[in-house]
Amino acid sequence: MNQPVVAHSREELAKARAVLDDGEVAVVMTMGALHEGHAALIREARRRARHVVVTIFLNPLQFGPREDLSRYPRTVDSDLEICAREGVDLVFMPTPDVIYPDGDPGVRVSAGPLGDVLEGQSRRGHFDGVLTVVGKLLHLTRPDRAYYGQKDAQQLLLIRRMVRDLDFPVEVVAVPTVREGDDLAMSSRNIYLTDSDREVALSLSRSLRAGALAAIEGPSAVRRAARAVLVAEPLALVDYLVLVHPQSLLDVPEWYRGEALLAVAARVGTTRLIDNLPVRLGPGGGPLESFSTNGIDSGIDLGIDPVAGA
Ligand code: AMP
């Protein structure tokens with residue numbers, strides 16, 4: 001098992017990255033506390049690229065003042081073990097002053113309207129912070145492909161948009177959500193959950209599955225079935241439960257058939273959890289492993305005007 005090179009500074013990164021110039025490079029960006037979800041991204045990255053770079057950076061810019069930055073789990077040793085086990089070539093692990101040498105940047109990437117809904121509504125400025133650091137890390141690591149989890153569907157969509165709208169020379173690849181045996185979506189934040197919280201947390205994936213089972217019948221049946229599960233679990237404090245178009249994030253109208261995103265966010269105990277399921281609505285409907293297209297690069301229109309909604 002080869003140990004990855006670990007770079008902390010920009011200079012160390014530039015030097016180690018230059019050595020990887022003999023083939024394709026893939027990057028997996030993380031905030032650390034690595035789990036099997038992250039490992040799945042690394043494995044996907046390894047399949048096609050000669051070299052894999054993992055970044056581990058807890059980005060202060062994407063955390064609100066009342067969020068969990070200070071208590072976010074830090075497990076550096078085990079993170080490096082997982083990177084070594086998965087054959088990662090280079091781990092970039094900077095501190096905030098390396099990424100933001102002049103303090104909080106005055107110039108940032110704006111996520112635009114798609115950054116104001118769903119997660120962005122509860123977490124103001126979150127996606128500007130995400131896109132700013134993703135943009136910087138893409139510049140610093142210079143990958144051919146970058147891998148992101150479907151677990152963070154809105155983040156994935158916004159990164160795709162940024163790459164297209166701002167002409168970043170990188171291919172964005174999505175990886176399906178990895179789940180625990182009990183169907184809880186893996187997350188670094190799951191360690192905050194007590195045993196009883198965890199029981200409550202299972203209502204999120206259960207609600208998504210129930211919704212997906214009604215997909216043949218159409219949007220309102222999906223929403224009804226998913227909502228019924230959450231209503232039966234009052235300890236899950238639901239922020240949103242939506243069935244939206246995968247590119248516009250607008251609620252799909254009742255006539256809509258095709259691919260849609262069923263997404264939920266809820267607070268359980270002290271922890272805010274998100275989960276989602278790609279679904280196909282209409283004949284042959286049900287849960288999807290992943291969307292058939294990202295709709296952005298292909299120009300395929302899935303049947304909804306992203307501006308008007310219908
Ligand atoms: P994070 O460290 O939580 O910022 O996540 C880093 C990357 O791993 C992001 O692209 C996430 O979407 C992805 N990721 C996190 N959890 C999972 C999961 N359970 N399955 C697949 N990808 C995940």
Quiz item: Residues in region 241-258: is at least one outside the structural domain of Lys151 (by TED's automatic domain parsing), assigned to a strand (DSSP E or B), among the hydrophobic types (A, V, I, L, M, F, W, C) and open to solvent by 10 Å² or more (accessible area, probe 1.4 Å)?
Solution: yes
Quiz prompt | Selected residue (criterion: most open to solvent (accessible area, probe 1.4 Å)) from residues of region 134-153 that are in a helix (DSSP H, G or I) and within 10 Å of the ligand (Cβ to nearest atom) | solution = Asp152
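Considering each residue of region 155-178, count those that are within 18 Å of the chain's Cα centre (by Cα) and open to solvent by less than 50 Å² (accessible area, probe 1.4 Å), and give that number.
Going through region 155-178 one residue at a time, the tally reaches 16.
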Quiz item: Restricting to region 107-123, what's the tally of residues that are away from the ligand (no atom under 16 Å from the Cβ) and modelled with pLDDT under 95?
Solution: 1
Practice problem: Could you tell me whether region 72-83 includes any residue that is more than 13 Å from the ligand (Cβ to nearest atom), in contact (Cβ under 8 Å) with a residue 12 or more places away in the chain, open to solvent by 60 Å² or more (accessible area, probe 1.4 Å) and assigned to a helix (DSSP H, G or I)? | Solution: yes
Quiz item: When you look at Leu193, is it over 19 Å from the mean Cα position of the chain (by Cα), within 16 Å of the ligand (Cβ to nearest atom) and crowded, with 19+ Cβ neighbours inside 10 Å, yes or no?
Solution: yes
Self-check item: Candidates Ala226, Ala221, Ala232, Ala210 - the one that is touching a strand residue (DSSP E or B) at 6+ places or on another chain (Cβ under 7 Å) and away from the ligand (no atom under 16 Å from the Cβ)
Solution: Ala226
Quiz item: Any chance region 6-27 includes a residue that's within 9 Å of the ligand (Cβ to nearest atom) and open to solvent by less than 30 Å² (accessible area, probe 1.4 Å)?
Solution: no
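This table checks each residue for (1) under 20 Å from the mean Cα position of the chain (by Cα); (2) in contact (Cβ under 8 Å) with a residue 40 or more places away in the chain.
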position	(1), (2)
Ser9	no, yes
Gly23	no, no
Ala40	yes, yes
Gln62	yes, yes
Leu69	yes, no
Ile99	no, yes
Gly106	no, no
Gly115	yes, yes
Quiz item: Could you list, in sequence order, the residues of region 42-73 that are closer than 23 Å to Asn190 by Cα and among the basic types (Lys, Arg)?
Solution: Arg43, Arg66, Arg71
Practice problem: Select, from Leu61, Leu41, the only residue that is open to solvent by less than 30 Å² (accessible area, probe 1.4 Å) and closer than 17 Å to Gly129 by Cα. | Solution: Leu61
Quiz prompt | Any chance Gly303 is farther than 25 Å from Ser122 by Cβ and modelled with pLDDT of 95 or more | solution = no
Exercise. Test Glu289 against the criterion of being modelled with pLDDT under 95 and surrounded by fewer than 20 Cβ atoms within 10 Å (Cβ to Cβ), and give yes or no.
Key: yes
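The values are calculated or read from the model by the stated rules, or taken from the named source; none is laboratory data. What you see is a predicted model; the values in this text were computed from it and never measured. Reconstructed Cβ throughout: ideal geometry from the backbone, glycine too, with neighbour counts over all protein chains shown. What goes into the accessible areas is simple: the full protein's heavy atoms, side chains included, and nothing from ligands, DNA or RNA. Shrake-Rupley method; radii C 1.70, N 1.55, O 1.52, S 1.80 Å.
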